[in-house]
Structure formats: structure tokens, C-alpha cells
Amino acid sequence: MTDSILPPSSILVDVELPDPKPLPASLIEALSPLRVVLLGWFAVPEQTSPAQARDQFGEETQAILDTIAGRFAEAGIEVTTRLVFTGDELDTISRISVEEKCDAVLIPGGMDELRRVLVPLRGLENAHQIAPFIADLCRDATATVTLLHVVEEDETEADSRTDVLEPAADRMRDYGVDTGRLELDALTADDPADAIVDRAAAYDLVVLGETEPSVREILFGTVPERVVTTTDAPVMVVRHKDADVDAAEQATQAA
Amino acid sequence: MTNSAPQNKTPTEPAAPAEQKELERTLGLLPALAIGTGTMVGAGIFVFPGLAAGRAGPAAMLSFAIGAVIALLVALPTSELATAMPESGGGYFFVSRALGTLLGCMVGIGQWLGLVFASAFYLMGFGHYLSDLLRELGIDLPLSVMGLALGMAILLTGVSITGTENTGDLQNWIVGSLLVILGGFLGHGGLDVLGVFGQQRVPEAFFPYGTMPVFTTAALVFTSYLGFVQIATVAGEIKEPSRTLPRAMIGSVLLVGTLYVLTIFIGTSLLGSEQLSELGETAVVNVGRSIAGTFGAAALLGGGLLATLSSANASILSASRSIYALSRDDLVPSQVEQINRRFRTPHVALLLAGGPIVVLILFGRVEVLAEVASLLHLFMYGLICVALLVLRQSPPAGYQPSFRCPGSPVVPLLGALTSFGLVAFMNPLSIGIGGGILIATAGWYLCYARTVPISEITP
């Protein structure tokens with residue numbers, strides 16, 4: 001546990017208001033090693049001024065959001081809430097994840113208990129990005145973590161182990177992940193997305209690195225979207241830190 | 001104040017929910033341009049060319065140019081005010097903050113009714129296009145232009161109350177395809193006129209009816225420039241308002257102004273103003289036919305349907321925003337801002353826009369509808385310019401525009417004078433109706449809202 005001084009990684013959890021989809025208690029429990037930024041958003045159609053919606057629904061939605069925040073607080077999680085009236089929730093999720101410097105974004109799903117975590121890696125670079133987050137996430141839990149690398153045609157599974165998976169595992173260990181809980185899995189497939197989707201079915205949680213420079217892209221993106229739509233498991237998308245610089249610049253210009 | 005700064009919490013700080021309820025800014029430059037262009041383009045190209053050419057001949061080009069100049073003289077001060085106060089409400093907000101509640105109330109109610117008149121006018125235009133289309137297709141419906149317009153008014157109001165799908169993307173597509181249609185039409189037509197395809201110009205005097213009709217026509221067609229201030233009414237939803245607002249407002253005026261002048265130039269060159277005038281509201285369809293046969297006619301018929309509909313729809317939505325801005329300041333009863341829980345739309349305000357439109361369509365006089373709409377807007381435009389002059393004279397503490405209107409005080413002064421001056425060239429009936437409405441709005445203020453305080457400008 002090398003990072004006990006630093007604040008733990010943070011994750012953005014968004015809920016639609018005033019009728020939030022249920023968040024399973026086990027999922028909240030699984031988030032307990034992290035800091036949570038709870039974003040409540042109220043979708044406003046274009047016929048309506050967002051200010052007008054806020055005037056009428058502000059109190060009510062705030063109360064619902066506070067109740068949900070209470071569930072996180074009861075689980076011992078440090079939670080920050082944001083409430084936004086928006087014509088475009090993807091814009092909102094993207095902006096808040098940058099403003100709050102969230103390390104990851106949660107796409108909720110069903111979960112009984114966190115036993116097995118799937119971490120598909122595209123390469124070593126990807127592993128560097130995800131490792132600190134995995135370390136925080138698994139600090140208290142007993143879950144096993146499978147590092148999955150889908151091998152492309154010009155490589156062998158053995159190459160994959162020595163070039164990607166083993167260095168990635170070392171990286172995880174550097175951050176304090178118990179190597180006894182790590183499993184390495186190399187797999188040859190034509191379509192990485194399909195392969196990941198197939199594997200994901202047997203896991204309780206999928207943790208992915210962001211591929212595109214923004215959350216907006218990733219929520220629409222190929223692999224995460226297919227994982228989300230074809231499995232019931234929740235997905236955590238670890239954000240690209242470089243993206244923050246660009247987005248922060250944009251935000252500064254906007255202000 | 002809408003975009004809160006990130007809350008830099010330290011891990012030791014207890015979890016305390018933020019009480020701030022934020023509003024997302026979702027409109028970029030292109031959607032903002034589409035709001036302005038989409039509101040304006042329906043009238044100038046697809047309804048007015050025949051009417052305008054009949055009154056002023058080829059010099060109707062000048063009428064449209066005069067309109068563009070006035071609109072620009074107003075767009076510059078409006079841009080400064082909008083960047084200083086990027087709040088929803090637009091012209092009403094600026095005038096009420098700078099010139100007080102009475103004028104604010106008159107402008108706010110005037111803006112609502114001006115948009116209602118404009119929307120009725122666009123829908124009459126839509127009725128003409130739909131009836132032309134049905135005739136071309138050989139479908140014989142026992143419905144007049146007025147009946148078609150009425151049906152569409154009811155349908156549009158219903159859809160805007162119950163519609164959960166955002167039509168914002170649709171609006172962008174409509175404006176995009178209109179620009180493509182018009183680009184082809186104007187490009188090909190322009191080459192035609194220059195003799196590239198060997199078609200003969202119709203030789204004609206530039207001022208067949210003298211110079212006076214140029215000004216009365218400018219007053220009539222000014223309805224084609226009512227859209228740019230609508231961009232300021234959604235200022236609260238625009239991303240990077242200090243950059244986007246001036247670009248979108250000035251850009252949309254320049255874009256549509258150029259299109260209008262070109263349309264009249266090509267129309268009068270190819271068909272002559274007499275023939276254009278006989279063809280009436282849908283004259284531009286025959287200009288299309290003379291350029292590219294049935295295909296040209298079909299493209300412009302389709303364009304006309306889309307453009308008039310998009311203008312009418314945008315005006316209904318803006319009218320509802322105007323009502324909300326008034327009710328937020330308690331100048332009208334608060335019930336009108338009630339949002340329907342199921343559809344999340346302001347059904348009362350939308351009905352207050354759609355209902356009067358139906359009545360005005362029954363009144364049915366296209367030119368009067370257009371002029372009253374223009375008059376009510378010109379009253380607001382003039383006062384926006386005055387508001388800028390007042391705020392420049394004694395800027396309140398919170399007044400920090402990021403865009404400054406160039407050439408002040410000359411530009412806003414000219415803007416105010418030309419806006420008020422143009423009204424003098426309107427038809428007496430229009431002046432009577434418009435003036436009567438403004439007096440009634442002042443009466444509303446005296447009876448209902450005299451004691452309502454309005455907050456100062458806040459940064």
C-alpha cells in the first residue's frame with residue numbers, strides 16, 4: 001500500500017433525475033475504496049429553457065440526488081455531488097469529468113458481488129494508465145483481476161505474455177496490487193471487441209482504458225459501447241490524463 | 001454563474017452536497033447560426049421575392065440591402081449586450097435592465113406577439129407552398145391556403161408540447177440542405193444571368209416604380225431579418241458566449257442578407273419583376289423552373305416547405321422563451337411558466353404562442369402580418385440600441401461585455417434611428433395594429449406590473 005498518503009482515485013457516477021435507474025448496493029460497496037463524484041442530470045428538451053426546468057424541478061431533483069449521495073456516504077465513501085440541467089447529458093458528463101478531474105467514469109450495470117474483474121489491455125501504455133486505478137479499486141476487496149490482451153495476427157500469445165501482460169502485471173504490483181490476485185490471459189482473435197465482449201460475460205466488472213480523447217467519444221465508442229450493450233456487468237472507463245489538458249484548455253477558453 | 005468552478009475538495013473535507021444547480025451550455029457556433037439563419041431564411045427567399053419585386057422592381061434588391069444594414073446596425077449593439085448579459089431572454093432582458101420595467105414590459109410582450117405574428121406569416125407562406133405542391137402533384141384537396149396553414153399551426157404547437165425528440169439536429173439539417181439548394185440555385189442562376197448558358201436577361205428599368213417603393217418594400221421585407229436576436233434569447237445555453245454570440249448574430253445577418261439580394265437579382269433578371277409579382281408568394285419556384293426545369297421547381301418547392309416550417313417552428317419556441325423571461329420577472333402570472341411533468345415542456349407558454357397564431361392565420365393578410373411582426377421587433381431593436389447608449393454612458397458595476405460594439409455612439413444611434421424610422425414606411429393598417437398592441441402592453445404594465453421590481457444587472 002504505497003499510496004496511502006495520496007487521495008484515492010475518483011470515479012464519476014452519473015444518475016438521471018428525477019427517475020434514477022437503480023444502483024445495486026453491491027456496486028456501491030465495490031466503489032467504497034474510491035472517491036465518488038455523483039452527477040445528477042435532468043434532461044431538458046429544446047422547447048424548454050434549462051433555467052425554467054431548474055426553477056420548477058430544482059428542489060425535488062436535489063432532494064433525490066442527496067438521497068442517493070447518502071447511500072454512498074453510508075458506505076464510507078467521500079462523495080461530491082453536482083446537479084446539472086442539460087440539453088445534452090453527454091456534454092455534461094464530459095465537462096464534469098474534466099472539471100472534477102475524475103480518474104474514471106462508471107457505466108452502471110447489475111452486480112451481485114465483486115469477485116472477478118476483467119481488464120482488457122490494448123498495450124503496455126494502456127496498462128500504465130489503468131494500474132493506479134486498479135490498485136485503488138482492489139485495495140480492500142478480495143476480487144481477482146484478469147489482465148486480458150487480445151493478440152493480433154502478427155504476434156503469438158507467448159509474445160503477448162512477455163511483451164505486454166507480464167510488464168503490465170509488474171506495473172500493477174508497483175502500485176500495490178497483490179500479484180496473487182492477478183491472472184494473465186492472452187487470446188488470439190480477429191475482432192478484439194467481440195473477444196472482449198465474449199469474455200466479459202463471465203465477469204462482475206470490466207475496467208477499460210479510454211481510447212479516444214474524450215468521454216463523449218468513449219461513451220459512443222466501439223469497444224466500451226459493445227461491452228456495455230452486450231453484458232449486464234458494470235463498466236469503468238479509465239480516462240486518458242492527456243485528454244484533461246486539452247479539455248481544460250477548452251474549458252478555460254469557454255470561461 | 002451558470003458554470004460553477006470545480007470544487008477542489010481535499011480528502012479530509014466531509015462529504016457535503018453542493019447546493020448549486022447548474023445549467024449546461026450545449027449550443028456551439030453552428031447550432032447558434034442555424035437558429036438565426038433558420039428563423040430568418042424562410043421569409044426573405046421563399047415568400048417575399050414576388051411581393052417585393054411587384055412593389056419596387058429590381059430595386060427590391062436595395063430594399064433587402066437596407067434591411068441587412070439596419071439588422072447589422074442592431075446586431076452589433078445586441079452582441080455587446082448579449083456578451084455582457086449572456087442570460088436567456090434576449091432583447092427583453094437588455095431593455096428591462098437598462099431602461100426600466102415599463103419599456104421592458106412593452107418589449108417583452110411585444111417580442112412574444114411579434115414572434116406570433118411572424119410565425120403566422122411564415123405559416124401562411126407554408127400554406128402557399130403546400131397548396132402549390134398539392135396542385136403540382138394533381139391532388140385536389142378541399143383546403144385553402146389558410147386551411148393548410150391552420151392545420152400546420154395546430155400540428156406544430158402540438159408537436160412542440162409533446163415532442164420529446166430534439167429537433168435541434170433536424171434544424172441543422174434543414175438549414176444545411178437549404179443552403180445547398182440555394183447555393184445551387186443562386187450559383188446556376190447567377191451564371192445564367194451573366195449569359196454563360198445563353199439565356200437572355202429580361203431588360204428592365206432598375207427603379208420602375210420610383211425610389212419611394214424601395215423604402216416601403218424595405219419596411220415590408222424586414223420580417224426577413226427577425227431571427228438574429230433569437231440567438232440572444234438562448235444566450236444562456238450557448239457555449240463560449242463571448243465568442244459565439246457576436247459571430248452567430250453578425251454572421252447569420254450577413255449570410256441571409258447576401259442570399260436575399262442574390263435571389264432578387266436572379267429572380268428579376270430571369271423572369272422580370274412583373275412576372276415575379278404575378279406569381280406571388282411562391283414566385284421563386286418558377287425561377288427554379290426557369291433555371292433547371294421540373295427539378296429546379298421541385299427543389300425550391302421542397303426548400304420553401306422546409307424553410308417556412310423551420311422559421312415558424314423556431315418562432316414558436318422563441319415566443320415561449322419570451323413568455324418565460326417575462327414570468328421569471330413576475331411581469332405576467334407565474335402559471336405560464338409551468339412545465340408539463342410528462343413532456344417537460346412549457347405547455348402553457350407554448351399554447352400562448354400557438355393559440356394566437358391560429359387566430360392571426362384566420363385574419364390572413366400576409367403583408368399586414370409581416371409588417372406588424374417587423375414593427376414590434378423594430379420597436380425592440382431601436383430600444384436595444386438605446387439601451388446600449390445608456391449603459392455605455394453610465395455602466396453599472398456588473399457590466400463587462402467581452403465584445404464591444406465598434407463605432408459607438410454612431411452605430412447604436414444610427415441603429416435606433418433607422419429602426420424607428422423604417423416603421424414610418426409601413427402600411428397605415430400595420431402601424432395602427434402594431435401601435436395599438438404596444439399601447440396595450442403599456443396598459444398591461446400599468447394595470448398588472450407597475451409595482452414589480454426588477455433586479456439590477458448582475459455580472
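Residues in the range B:35-51 that are of a type in the set (Val, Ile, Thr) and open to solvent by 10 Å² or more (accessible area, probe 1.4 Å): 1 in all.
Identify the residue in the range A:141-170 that is part of a loop (DSSP other than H, G, I, E, B) and among the small types (Gly, Ala, Ser) and, among all such residues, is least open to solvent (accessible area, probe 1.4 Å). Among those residues, the one meeting the criterion is A:Ala143. Of the residues A:Thr92, A:Thr81, the single one that is under 30 Å from B:Phe343 (Cβ atoms), touching a Phe, Trp or Tyr at 6+ places or on another chain (Cβ under 8 Å) and of a type in the set (Val, Ile, Thr) is A:Thr92. The helices (runs of 4 or more DSSP H) located wholly in the range B:144-233 that include 2 or more residues which are at pLDDT below 80 occupy B:168-193.
Residues being basic (Lys, Arg) and more than 21 Å from B:Val116 (Cβ to Cβ) are entirely absent from the range B:306-322. When restricted to residues that are within 9 Å of chain A (Cβ to nearest Cβ) and open to solvent by less than 10 Å² (accessible area, probe 1.4 Å), the range B:328-346 contains 3.
Of the strands (runs of 3 or more DSSP E) lying entirely inside the range A:7-122, those containing at least 3 residues that are more than 8 Å from every other protein chain (Cβ to nearest Cβ) and touching a residue at least 60 places away in the same chain (Cβ under 8 Å) span A:10-17, A:104-107, A:116-121.
Checking each residue in the range A:198-212 for being buried (at least 19 other Cβ atoms within 10 Å of the Cβ) and either part of a strand (DSSP E or B) or at pLDDT 85 or above (or both) picks out A:Arg199, A:Ala200, A:Tyr203, A:Asp204, A:Leu205, A:Val206, A:Val207, A:Leu208, A:Gly209.
Residue by residue, here is whether (1) open to solvent by less than 20 Å² (accessible area, probe 1.4 Å); (2) over 20 Å from the mean Cα position of the chain (by Cα); (3) modelled with pLDDT of 85 or more holds:
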position	(1), (2), (3)
B:Met1	no, yes, no
B:Gln7	no, yes, no
B:Glu13	no, yes, no
B:Ala18	yes, yes, no
B:Lys21	no, yes, yes
B:Leu29	no, no, yes
B:Leu33	no, no, yes
B:Ala53	yes, yes, yes
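Only one of B:Thr244, B:Thr258, B:Thr294, B:Thr268 is more than 14 Å from every other protein chain (Cβ to nearest Cβ), in a helix (DSSP H, G or I), of a type in the set (S, T, N, Q) and within 20 Å of the chain's Cα centre (by Cα); which?
Numbers: B:Thr244 fails: more than 14 Å from every other protein chain (Cβ to nearest Cβ); B:Thr294 fails: within 20 Å of the chain's Cα centre (by Cα); B:Thr268 fails: within 20 Å of the chain's Cα centre (by Cα).
From the options B:Thr244, B:Thr258, B:Thr294, B:Thr268, the qualifying one is B:Thr258.
Of all the numbered requirements in (1) over 21 Å from the mean Cα position of the chain (by Cα); (2) open to solvent by 70 Å² or more (accessible area, probe 1.4 Å), B:Val390 misses one, and that requirement is (2). Scanning the range B:309-337 for residues that are out of contact with any Ser or Thr (no Cβ under 9 Å at 6 or more places or on another chain) and in a loop (DSSP other than H, G, I, E, B) yields B:Asp330, B:Val332.
Condition test on B:Ile431, is it open to solvent by less than 10 Å² (accessible area, probe 1.4 Å) and either under 22 Å from the mean Cα position of the chain (by Cα) or at pLDDT 95 or above (or both)? Spelling it out, it is not the case that B:Ile431 is open to solvent by less than 10 Å² (accessible area, probe 1.4 Å) and either under 22 Å from the mean Cα position of the chain (by Cα) or at pLDDT 95 or above (or both).
Do we have B:Glu371 as crowded, with 23+ Cβ neighbours inside 10 Å, part of a helix (DSSP H, G or I) and more than 14 Å from chain A (Cβ to nearest Cβ) here?
Details: crowded, with 23+ Cβ neighbours inside 10 Å: yes; part of a helix (DSSP H, G or I): yes; more than 14 Å from chain A (Cβ to nearest Cβ): yes.
Answer is yes for this residue.
Inside the range A:121-151, residues that are closer than 12 Å to A:Ala104 by Cα and among the β-branched types (Val, Ile, Thr) make up a count of 2.
The values are calculated or read from the model by the stated rules, or taken from the named source; none is laboratory data. None of these values were measured; they are calculated from a predicted model. Virtual Cβ from ideal backbone geometry, glycine too; neighbours counted across all protein chains shown. The accessibility values were calculated without ligands, DNA or RNA, using every heavy atom of the protein model including side chains. Shrake-Rupley method; radii C 1.70, N 1.55, O 1.52, S 1.80 Å.
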